[in-house]
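Heads up: the structure comes next, in structure tokens.
The values are calculated or read from the model by the stated rules, or taken from the named source; none is laboratory data. This one's a predicted model, so the numbers in the text were calculated from it and none came from an experiment. Ideal geometry is used to build each Cβ from the backbone, glycine not excepted, and the neighbour counts take in all protein chains shown. Calculation scope for accessible area: heavy atoms of the full protein, side chains included, ligands and nucleic acids excluded. Shrake-Rupley method; radii C 1.70, N 1.55, O 1.52, S 1.80 Å.
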Amino acid sequence: AQKVTQAQTEISVVEKEDVTLDCVYETRDTTYYLFWYKQPPSGELVFLIRRNSFDEQNEISGRYSWNFQKSTSSFNFTITASQVVDSAVYFCALSVRYGQNFVFGPGTRLSVLP
Amino acid sequence: EAGVTQFPSHSVIEKGQTVTLRCDPISGHDNLYWYRRVMGKEIKFLLHFVKESKQDESGMPNNRFLAERTGGTYSTLKVQPAELEDSGVYFCASSQEVSRRGELFFGEGSRLTVL
């Protein structure tokens, strides 16, 4: 069985601070896919990134960066110089079949204060 | 391009009543999924359609839930009779047969409140 843990339920930061959202996953499959989704107040889940288990290269996209470490089963997400618009609930998810049947973490609510 | 649309956005019903949620996936997406998040819990997988066929319905909680996707386009999820524990947000998602990024495109969810 698969499991995703996001230990931080809520985080509050002041604008321009850096913030890291933690994600730890469990699976016995050797091939799997990790995702981060953002849920703004409007409710939809917005795709941010996918990582394959065989690709541990970290990724940066603007102010967002992701650190994938198989040794610790973690896939952490960092927002640099946070902005108020980053306020949302962020979900980490795991899939062992490409693009299917996600297992979600409980989510981390990020509040960025002006 | 229109995204995944769900209707209604919010439904309030009494215990024992019936509710039908509808999902219109992105045009051309063969894969359609239902997920739900009940209060304080994780988002959980319910089932997966490939076109009109149920590929995986292992997440359906019980036989009070019935999902259909006639014609392989939109899908409905009926809850009959609704119970208090069914309250939550029901998400629909869709994807192409082969999605380059492996992502699911989610709708805004249908919030169900059972009183």
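Points to keep in mind about this one:
- On a per residue basis, the convex hull of the C-alpha atoms belonging to segment A:47-114 measures out at 101 Å³.
- For the protein assembly as shown, the fraction of 1.4 Å probe accessible surface lying on carbon and sulfur atoms is 47 percent.
- Between chain B and chain A, the total buried accessible area stands at approximately 1700 Å², from heavy atoms with a 1.4 Å probe.
- Value of Rg to Rh for chain A, rounded to two decimals, is 0.96; Kirkwood radius and Rg both from alpha-carbon coordinates.
- Taken over the protein assembly as shown, the convex hull of the Cα atoms encloses 125 Å³ per residue.
- Between B:46, B:66, B:77, the GNM of chain B built on Cα springs shorter than 10 angstrom shows B:66 fluctuating the most.
- Once the Cα-Cα distance is subtracted from the 0.36 nm per residue extended length, the residue B:73 to residue B:58 segment shows a gain of 3.3 nm.
- Length gained on full extension, residue B:14 to residue B:113, computed as 0.36 nm times the residue gap minus the Cα-Cα distance: 34.8 nm.
- Accessible solvent surface per residue of segment A:37-102, calculated while the other protein chains remain in place, 1.4 angstrom probe, Å²: 42
- For residue A:18 and residue A:72, the FRET efficiency from 1/(1 + (r/R0)^6), where r spans their Cβ atoms and R0 equals 35 Å, is about 0.95.
- Positive-end ranking of A:30, A:64, A:104 along the dipole of segment A:3-113, with charges on Cβ about the Cα centre, is headed by A:30.
- Of A:38/B:54; A:3/A:70; A:3/B:41; B:15/B:44, those spanning more than 18 Å from alpha-carbon to alpha-carbon: A:38/B:54; B:15/B:44
- Of A:61, A:53, A:95, the one that fluctuates the most in a GNM where chain A has Cα springs shorter than 10 Å: A:61
- Kirkwood analysis of the Cα pair distances in chain B returns a hydrodynamic radius of 14.0 Å.
- Remark on segment B:29-66: accessible area falls by at least 20 square angstrom from chain-alone to full-complex state for B:33, B:35, B:37, B:42, B:43, B:45, B:48, B:55, B:56, probe 1.4 angstrom.
- Relative contact order, percent, chain A [alpha-carbon distance under 8 Å, six or more residues apart]: 38
- Spatial separation of Cα centroids for segment A:86-114 and segment A:9-39, in angstrom: 6
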